[in-house]
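See below for the structure under consideration.
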Amino acid sequence: MIKEKIAIVTDSSSSLDYINHKEYDNIFLVRMPIYFGDEEYIDGKTITAKEFYTRIINDDIIPSTSQPSLGETVELYEKLRNEGYTDIIHLPISKGISGVYQSLFSISDIVKCINVHIVDTRATSVILAYIVLETARLVKENHTVSKVLQHCEYLSSNYNAYFMVDNLKYLIKNGRLSNAAGFIGSVLKIKPILTFNENGQIIGIEKIRTTKKAMTHILQKIREETKNYKSVKYFMAYGFNEELNNNFKELVSEWIELSQVLQSIFPTVIGAHVGSSVIALGYFVLEE
């Protein structure tokens with residue numbers, strides 16, 4: 001029986017550019033394009049987070065994004081096969097906000113002599129990063145593909161997150177807010193509270209009048225939801241508004257040590273859909 005050698009593939013929406021994962025040498029990223037009009041950039045390669053956020057703050061333009069190159073993904077699959085990997089666990093951005101997941105099935109059988117397992121993560125950003133890191137940990141501990149996939153499914157189904165955006169225009173323009181028709185809020189100067197539904201789609205759930213009240217509301221919801229769990233993993237993500245980020249971190253730190261929270265800036269391909277003034281807080285249920 002051939003021993004399984006497992007590679008993990010994800011995309012640049014996963015925040016792994018901003019989270020240390022050097023201890024795992026079997027994580028591989030495919031990168032997503034970003035467009036400012038006709039100008040194309042590759043997330044994390046030809047444009048940095050600082051350059052990206054500075055531009056959307058200063059320029060009156062809403063960027064768009066696209067899926068990673070399927071040709072480059074096939075080349076990566078072939079490279080991994082040639083390096084002796086028997087299996088690829090591909091953890092893409094949620095199919096609820098991108099067509100990447102579905103597109104991958106069109107190439108999953110092209111590369112012979114390697115098994116490709118495509119997971120509906122229902123997640124992105126720091127949430128996806130944690131799923132990837134946990135997958136890598138299990139692989140390093142020599143768990144089987146079946147066991148690893150089972151845990152991926154568990155994590156994808158057992159997290160919750162809330163985030164506040166300063167302006168809905170990015171989500172609405174790019175069609176990433178599933179219930180946008182009933183949730184236009186920028187005119188009213190409200191702060192929308194968003195979350196992921198069970199299909200990994202972004203939906204608006206509440207409208208709060210001020211930033212401070214919105215941040216406090218998110219923290220209260222997280223505290224209430226997690227108070228009876230034996231073990232949870234908290235995570236936090238934010239955009240490029242230093243004052244907003246610091247205020248939110250200070251608020252969270254009054255409740256929990258920030259060193260216990262997995263943190264990341266939103267990667268540029270997510271920033272294209274939420275803007276620069278955004279904060280998020282969430283958790284994985286590790287033990288009920």
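The single condition from (1) modelled with pLDDT of 95 or more; (2) of a type in the set (A, V, I, L, M); (3) not in a helix (DSSP H, G or I) that Ile97 fails is (1). Consider region 270-283 and keep the residues that are in contact with a Ser or Thr (Cβ under 9 Å, 6 or more places away or on another chain) and closer than 20 Å to Leu133 by Cα. The one that is surrounded by the fewest Cβ atoms within 10 Å (Cβ to Cβ) is Tyr283. In region 142-160 there is at least one residue matching the filter, namely being at negative phi, part of a helix (DSSP H, G or I), among the β-branched types (Val, Ile, Thr) and in contact (Cβ under 8 Å) with a residue 24 or more places away in the chain.
Could you check region 52-97 and list, in sequence order, the residues that are in contact (Cβ under 8 Å) with a residue 60 or more places away in the chain and of a type in the set (Gly, Ala, Ser)? Within region 52-97, Ser64, Gly84, Ser94, Gly96 meet the criteria. Taking region 100-128 as the range and being under 30 Å from Leu281 (Cβ atoms) and either of a type in the set (D, E, K, R) or in a loop (DSSP other than H, G, I, E, B) (or both) as the test, the residues that pass are Val119, Asp120, Thr121, Arg122, Ala123, Thr124. Looking across Lys221, Lys227, Lys249, Lys233, one residue alone is basic (Lys, Arg), surrounded by 12 or more Cβ atoms within 10 Å (Cβ to Cβ) and out of contact with any helix residue (DSSP H, G or I) (no Cβ under 8 Å at 6 or more places or on another chain). It is Lys221.
Residues checked against (1) small (Gly, Ala, Ser); (2) under 22 Å from the mean Cα position of the chain (by Cα); (3) not assigned by TED's automatic domain parsing to the domain that holds Ile110:
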| residue | (1), (2), (3) |
| --- | --- |
| Ala49 | yes, yes, yes |
| Ile57 | no, yes, yes |
| Asp60 | no, no, yes |
| Leu76 | no, yes, no |
| Leu80 | no, no, no |
| Ile88 | no, yes, no |
| Pro92 | no, yes, no |
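Looking across region 52-79, the residues that are at pLDDT 95 or above and loosely packed, with under 13 Cβ neighbours inside 10 Å come down to Gly71, Glu72. Here Cys113 meets the list (1) in contact (Cβ under 8 Å) with a residue 60 or more places away in the chain; (2) on the phi > 0 side of the Ramachandran plot almost entirely, failing just condition (1). For region 42-51, the candidate set comprises residues that are in contact (Cβ under 8 Å) with a residue 24 or more places away in the chain, under 22 Å from Asn167 (Cβ atoms) and not basic (Lys, Arg); within that set, the residue that is surrounded by the most Cβ atoms within 10 Å (Cβ to Cβ) is Asp43. Is it true that Lys3 is basic (Lys, Arg), modelled with pLDDT under 95 and under 20 Å from the mean Cα position of the chain (by Cα)? No.
The values are calculated or read from the model by the stated rules, or taken from the named source; none is laboratory data. Owing to the predicted nature of the structure, the values given are computational and were not obtained by experimental measurement. Heads up, the Cβs are rebuilt from the backbone with ideal geometry, glycines too, and the neighbour counts pull from every protein chain shown.
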